[in-house]
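Before any comments, here is the structure.
The values are calculated or read from the model by the stated rules, or taken from the named source; none is laboratory data. Keep in mind it's a predicted model, so treat the numbers as computed, not measured. Don't worry about glycine lacking a Cβ; one is built from the backbone with ideal geometry, like all the others, and counts go over all protein chains shown.
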There are 4 protein chains.
Amino acid sequence: MAIDVTPSPVRLKAVAAPGQPDPSPELEQLYRGFERELLVPLWTEIGDLMPLHPQSKAAAHLWRWDRLKELAAQAGRIVPVGRGGERRAIALANPALGGKPYATPTLWAAIQYLMPGENAPEHRHTQHAFRFVVEGEGVWTVVNGDAVRMSRGDFLPQAGWNWHAHHNAASEPMAWIDGLDIPFSYYTESQFFEVGRDRIGAAEMTTPDRSRSERLWGHPGLRPVSRTGALPATPLLAYRWVDTDRALAEQLELDDEGETCTLSPGHAAVRFTNPTNGGDVLPTMRTEMHRLRAGAATLTRRETGSSVYQVFDGTGVVSVGDKQWDVARGDMFVVPSWVPFSAQASPTTQLDLFRFGDAPIFEALHAHRVQIDR
Amino acid sequence: MAIDVTPSPVRLKAVAAPGQPDPSPELEQLYRGFERELLVPLWTEIGDLMPLHPQSKAAAHLWRWDRLKELAAQAGRIVPVGRGGERRAIALANPALGGKPYATPTLWAAIQYLMPGENAPEHRHTQHAFRFVVEGEGVWTVVNGDAVRMSRGDFLPQAGWNWHAHHNAASEPMAWIDGLDIPFSYYTESQFFEVGRDRIGAAEMTTPDRSRSERLWGHPGLRPVSRTGALPATPLLAYRWVDTDRALAEQLELDDEGETCTLSPGHAAVRFTNPTNGGDVLPTMRTEMHRLRAGAATLTRRETGSSVYQVFDGTGVVSVGDKQWDVARGDMFVVPSWVPFSAQASPTTQLDLFRFGDAPIFEALHAHRVQIDR
Amino acid sequence: MAIDVTPSPVRLKAVAAPGQPDPSPELEQLYRGFERELLVPLWTEIGDLMPLHPQSKAAAHLWRWDRLKELAAQAGRIVPVGRGGERRAIALANPALGGKPYATPTLWAAIQYLMPGENAPEHRHTQHAFRFVVEGEGVWTVVNGDAVRMSRGDFLPQAGWNWHAHHNAASEPMAWIDGLDIPFSYYTESQFFEVGRDRIGAAEMTTPDRSRSERLWGHPGLRPVSRTGALPATPLLAYRWVDTDRALAEQLELDDEGETCTLSPGHAAVRFTNPTNGGDVLPTMRTEMHRLRAGAATLTRRETGSSVYQVFDGTGVVSVGDKQWDVARGDMFVVPSWVPFSAQASPTTQLDLFRFGDAPIFEALHAHRVQIDR
Amino acid sequence: MAIDVTPSPVRLKAVAAPGQPDPSPELEQLYRGFERELLVPLWTEIGDLMPLHPQSKAAAHLWRWDRLKELAAQAGRIVPVGRGGERRAIALANPALGGKPYATPTLWAAIQYLMPGENAPEHRHTQHAFRFVVEGEGVWTVVNGDAVRMSRGDFLPQAGWNWHAHHNAASEPMAWIDGLDIPFSYYTESQFFEVGRDRIGAAEMTTPDRSRSERLWGHPGLRPVSRTGALPATPLLAYRWVDTDRALAEQLELDDEGETCTLSPGHAAVRFTNPTNGGDVLPTMRTEMHRLRAGAATLTRRETGSSVYQVFDGTGVVSVGDKQWDVARGDMFVVPSWVPFSAQASPTTQLDLFRFGDAPIFEALHAHRVQIDR
């Protein structure tokens, strides 16, 4: 029943500075008392903790797809996939976040790689996840026994606490990206994990073109009468490129016809949504596909919360704060909180950008702010 | 500043009956006082007003499509369409509702008919509406300037207070059904109406295959990023038969494969929904398409609130309370509140039933009850 | 399996009028066909069914409290209370609604009267109800076994499907008003009813000052941690005059101090709310208490949906459409849909008005419109 | 337009361990490639990042009130309050969180201290805050010009982005606790801050017994009709001890009478709620007062997310994981995520515990799990 007596990690230093009490022996004595009792005054911390606007700890950064894929392929040759490590997934580590596998403070972004015939074992976790396929095909993700095909351009959300495994049914390796809220779950300490079967059954090794979830939920504006009510995450396990591409193309056509429907002239965008409530596919992640007509540019925009982008197709230039990069297929980059972002397609090709971010967290907590320069 | 002295419409009669006060001169005198003061006691009315369960004032009834169409065609020859009458729409009048044009106490159901080249003038009203096309094609509904094609199997919701007109661009007459919440709006006295242009402009006389609304909103699980938030009614103006048919077919396939996704074995059903919130397309009306495999039957079900059905395809037998009818394409019938309903497809053809009802009213007010006999 | 052949209630008459087809033998023949097939064209009905704005079927009307109470007392002497009649409740019958016991198309308003020692038997129904006490005391309403005191100024909501009985524990008769959504439930055909015990038990004959519901839920801004989530109706069974009066008085004080918190200068108003969601106490009825400072007037206001008012205290003048009445304690009057309403307190006394209306129905269905003349 | 070339913070080490690839020169080469490209594999991190259940980084810890107050008083003597430092607030630094001023990963808990006549300058920030007063009186918090008295037992929520200042109008120093979501806002990088006036105006130096917010919003079940709709945070700025105490006392009385209304026998609890929606007072923090009858114990409970408790009155024993402490008035302790908590009042006095936690974050994101041992 004694109070803990571990050596205190608190370290305080009296400094002469505006807004700080003048250094003095009494102040030093007070600070030693604070350290002993595990206390920290606001006045030494307020500048860092309560800035005038968000000052992201994360850096804007770009990862080149060819380098990611090369290292993933190298891992494919020497690192087996199996229970324990669970996945051959290699995460972006933001250079300003101390070497942790966090693309941003809240988001995990990784390239996953599966060799021909390989299986990633079944597990489930409360972290929400998705897959996005920038190239290739041949892998099926099996979710609660439902085998879901993965092909270029497809977006596959994976709500927390569903059993899932992957198997590569093709003769080629395949790479794709995984997005999860692992850093947020880690920070908020709300995560659960369970291992499932080491290998899914033969019946689930089927390679259907359409999953059961798509057959049940993949019809525009229609839902099965047997499934009523709003679900916190989407029951639709695949959003196919053919639909996304058409939606973007038609939005640009309407833009041409004078309909106000794009984010700015030449900048179409669709959001992947949960058909049971019209909101984001996952409670913690917003996912979108953007298309810029050749030569067109986005408005400059910043918002609370962070995003990760992957170039799906085309070439262009993107600006994140004071950084600027020429980008091409597969390249990935990070936009930290409250850092201005803009992009421009090259003069000759349209630019397709896949984006995911943590906006649903801020919207749910009434903390979302957006600023757009028009 | 005097109290109104119109002759009282109240009539009370003392009767000897259980739960009623014994007739007497004093009681008669009291009742005369009630009449004079415009008062009615609960004890004479409670049996009717507060029954043990809903006792619908409406009757179960069937209208044959060939008779509806024949009369509509006759009207097409002699009744012009224009401002004032507004629409050549002919409503089902439930035989138990005193000759009023109400299919049920809350729902309006009509056959509308437009001759080649005809235009129904533009107007808008707060009543919510939809069109459903059991056969034919060639008419476009123009909603806020967006021309929407109407073809067999298509469902076209029309939220209140949007401008709309119809024009028949074909060389044949066309008939379809209109569903509205006119009786409910009339009863609750909340309706507004405005006339628009007598004739829509030439630019709106286009006959596009896909409306602007479909190009913007008709993609499964996707929404334009430029349009956020939940809308009270769907922005998608057409739900095409090709999608509805496929959704039903796939639901039956899944049923065959053992997936629990139908309402009962062999009974698939999809609900038309608002992609911005996943709920019903209109605040006051639920709309669904049901498919029974050849020989299959629904469970017997009753619920608070009423429905109107139209046979879209196939043949079968339907039971509504103690009525039973053989039905075929286009036939329409009414299921009053709390009256048991079941249907069975004929042994050789599947039966497709379009259904609309007032369930959203009851759900919004926490007054929805459903009873299913399993 | 035959179609119903009851004589048709439909009656149609060709008339020469704008917007109507010209009378002719063919038209007469068409109309006979419509009658035979139970059909009614829109063009003969549209003016009535779809007016430019709501045209209430109900009339503005005033009932004087002394006349209500006198007749109720007379009923107290000669009409027993018991099973079957259930309650000695006498309802306002709007003079324009055909003698039906409806104050407005949706609302029931009645005076209920209980003699010393009398008991009104236990029952429950899905209709939502409340009691409001303009004078007197001595009756307890027993809700699911919880005895709730009724005294002048108290408001007692009673959500549907709760068991309830009344007993008069005093030596004097007592009158109060009941408000219910009986007409709406009757119209929408969603009502259920069950009889309970003929007489509540001795343990429930207690006459506590505070009910259990008040002890659990009657604390400002506090709720029991054991009861989480939003309930469709309030669990608090009594809103006491001491609280309502203070809230109104403090609102007028703040108004004096320059805070913008009243509906207009000198017009304070509080709404009775459900502490589990902050909304109306009942899913179908809004209830409020208004106070006008001596000489102050409300703005003129109209809205979709209807209201019933009772003068709680003071005197003044009220205007409903083109009617105007001097009013005093207990007087009740009706404001039909979309009819302008205003009130003014007499120069020397403040005017307290209790109001109930059907606005939650319209808000839930996105059909509420309000117009205020400033 | 070059990719960033800062030295990589990533450090990877091949180790021989279950679930890890066997160390080899190729693996080392791969890891060097990962480091160079700012990549981290899942397989080296999964055990830490994705545990079977939450493993809190925070420690259970207790701070004694007498030590807190003594150090705060010492600070009162030597540290001035003013612009820059903003507040004389001294935060609990969880011993396992590296000396940061975080009571838990998401919550800030501090003792604030104001000398007689002192003023804390006006500012506003998006972080949500509250004050809770364990003893003393004499300080007023001025929120948007509304002076709110602070006295023992009072709870004062302070939604983000409202201007606020404090002034001590008494002749004694006063201490209270502040709770904020500073760590969560810092982590999610969504915080904004603005300075206001250095000194509030004379008109706001009033010391009213009741604030304007209480007069407008502090009535049970009542809200001003002029303020409709749900607000994300409570507009009521003070929840007074007299109400909280009575609610707890009445809950225990009902418990005695056999009503199921406490969390377990002898354990009453009320939650401070937002009267506009019935939910938590602030979007990110849940606040409650618990009372254990003398000798009574809580059930053992754990949940995702963390809490901070302060003993308001009485004595008892609390257990947090494997720690156990005797506690008395003012003592504060931390319950980390998923660590079991229980408390027991001493045999002779009831124990009142004030609690705040981050549960609304988890509920909003559908990530709340609770486990109770019965």
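Brief remarks follow.
- Every residue from the range D:96-136 that is touching a helix residue (DSSP H, G or I) at 6+ places or on another chain (Cβ under 9 Å), closer than 20 Å to residue D:70 by Cβ and not in a loop (DSSP other than H, G, I, E, B): D:110, D:111, D:112, D:113, D:114
- Consider the range D:323-352 and keep the residues that are facing chain A (nearest Cβ under 10 Å) and surrounded by fewer than 17 Cβ atoms within 10 Å (Cβ to Cβ). The one that is farthest from residue D:301 (Cα to Cα) is D:326.
- The one condition in (1) loosely packed, with under 15 Cβ neighbours inside 10 Å; (2) more than 7 Å from every other protein chain (Cβ to nearest Cβ) that residue C:60 fails to fulfil: (1)
- Members of the range A:10-23 found to be more than 23 Å from residue D:177 (Cα to Cα) and more than 7 Å from every other protein chain (Cβ to nearest Cβ), listed by number: A:13, A:14, A:15, A:16, A:17, A:22, A:23
- Residue match in the range B:332-339 (condition: at pLDDT below 95, more than 15 Å from the chain's Cα centre (by Cα) and not aromatic (Phe, Trp, Tyr)): no
- If you check A:129, A:96, A:103 for being at pLDDT 95 or above and at the interface with another protein chain (Cβ under 9 Å from one of its Cβ atoms), only one passes: A:96.
- Selection within the range C:137-168 - in contact with a Ser or Thr (Cβ under 8 Å, 6 or more places away or on another chain) and in a loop (DSSP other than H, G, I, E, B): C:153, C:159, C:160, C:161
- Residues located in the range A:107-125, provided they are more than 16 Å from residue A:176 (Cβ to Cβ) and more than 7 Å from chain D (Cβ to nearest Cβ): A:107, A:117, A:121, A:122, A:123, A:124
- Only one of the listed residues (B:252, B:248, B:231) is assigned by TED's automatic domain parsing to the domain that holds residue B:290 and either under 24 Å from the mean Cα position of the chain (by Cα) or at pLDDT below 95 (or both). That residue is B:248.
- Failed criterion for residue B:294 (all others in (1) within 13 Å of chain C (Cβ to nearest Cβ); (2) more than 20 Å from residue B:97 (Cα to Cα); (3) touching a residue at least 24 places away in the same chain (Cβ under 8 Å); (4) surrounded by fewer than 24 Cβ atoms within 10 Å (Cβ to Cβ) hold): (1)
- Residues of the range A:319-374 that are touching a Gly at 6+ places or on another chain (Cβ under 9 Å) and aliphatic (A, V, I, L, M): A:327, A:328, A:335, A:339, A:343, A:345, A:351, A:353, A:359, A:361, A:367.
- Qualifying residue in the range C:43-61 (condition: outside the structural domain of residue C:196 (by TED's automatic domain parsing), aromatic (Phe, Trp, Tyr) and not in a loop (DSSP other than H, G, I, E, B)): yes
- Residues in the range A:85-95 that are farther than 17 Å from residue A:167 by Cα and in contact with a helix residue (DSSP H, G or I) (Cβ under 9 Å, 6 or more places away or on another chain): A:90, A:91, A:92, A:93.
- Tabulated pairs, the range A:255-272, first over 19 Å from residue A:342 (Cβ atoms) and touching a residue at least 60 places away in the same chain (Cβ under 8 Å), second part of a strand (DSSP E or B) and of a type outside the set (D, E, K, R), C-beta under 7 angstrom, 6+ apart or interchain: A:272/A:155; A:272/A:157; A:272/A:239; A:272/A:287; A:272/B:222
- Screening residue B:124 on (1) in contact with a Pro (Cβ under 9 Å, 6 or more places away or on another chain); (2) basic (Lys, Arg); (3) within 30 Å of residue A:258 (Cβ to Cβ) shows it passes everything except condition (1).
- Of all residues in the range D:350-374, those that are in contact with a helix residue (DSSP H, G or I) (Cβ under 6 Å, 6 or more places away or on another chain) and not in a loop (DSSP other than H, G, I, E, B) total 1.
- Hits in the range D:27-55 - residues which are surrounded by fewer than 19 Cβ atoms within 10 Å (Cβ to Cβ), more than 7 Å from every other protein chain (Cβ to nearest Cβ) and closer than 22 Å to residue A:179 by Cα: D:35, D:36, D:47, D:48
- Candidates C:88, C:64, C:83, C:77, filtered to the one that is within 30 Å of residue B:29 (Cβ to Cβ), modelled with pLDDT under 95 and of a type in the set (D, E, K, R): C:83
- Entry remark, the range C:169-201: residues being surrounded by 20 or more Cβ atoms within 10 Å (Cβ to Cβ), part of a loop (DSSP other than H, G, I, E, B) and among the hydrophobic types (A, V, I, L, M, F, W, C) number 2 in total.
- Considered as a group, the residues in the range C:124-166 that are closer than 18 Å to residue C:201 by Cβ and among the hydrophobic types (A, V, I, L, M, F, W, C) include one that is surrounded by the fewest Cβ atoms within 10 Å (Cβ to Cβ), and that residue is C:163.
- Residue in the range A:219-251 that is farthest from residue A:352 (Cα to Cα), counting only those that are buried (at least 22 other Cβ atoms within 10 Å of the Cβ) and hydrophobic (A, V, I, L, M, F, W, C): A:222
- Against the test of being over 26 Å from residue A:311 (Cα atoms) and either within 14 Å of chain D (Cβ to nearest Cβ) or touching a strand residue (DSSP E or B) at 6+ places or on another chain (Cβ under 6 Å) (or both), the options A:168, A:162 yield a single qualifying residue, A:162.
- Qualifying residue in the range D:75-91 (condition: without any contact (Cβ under 8 Å) to a residue 60 or more places away in the chain, at the interface with another protein chain (Cβ under 7 Å from one of its Cβ atoms) and more than 30 Å from residue D:333 (Cβ to Cβ)): yes
Listed here are the residues, each with its yes/no results for (1) part of a loop (DSSP other than H, G, I, E, B); (2) within 16 Å of residue D:91 (Cα to Cα); (3) over 38 Å from the mean Cα position of the chain (by Cα); (4) among the small types (Gly, Ala, Ser).
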position: A:16; (1), (2), (3), (4): yes, no, yes, yes
position: A:27; (1), (2), (3), (4): no, no, yes, no
position: A:31; (1), (2), (3), (4): no, yes, yes, no
position: A:84; (1), (2), (3), (4): yes, no, no, yes
position: A:94; (1), (2), (3), (4): yes, no, no, no
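- Wholly within the range A:265-349, strands (runs of 3 or more DSSP E) carrying at least 1 residues that are over 24 Å from residue D:187 (Cβ atoms): A:267-272, A:286-292, A:300-303, A:307-313, A:316-320, A:323-327, A:341-345
- Subset of the range D:235-264 that is at the interface with chain C (Cβ under 7 Å from one of its Cβ atoms) and assigned to a loop (DSSP other than H, G, I, E, B) - its residue that is farthest from residue C:272 (Cα to Cα): D:263
- Looking across the range A:217-234, the residues that are of a type in the set (Gly, Ala, Ser) and more than 8 Å from chain B (Cβ to nearest Cβ) come down to A:229, A:233.
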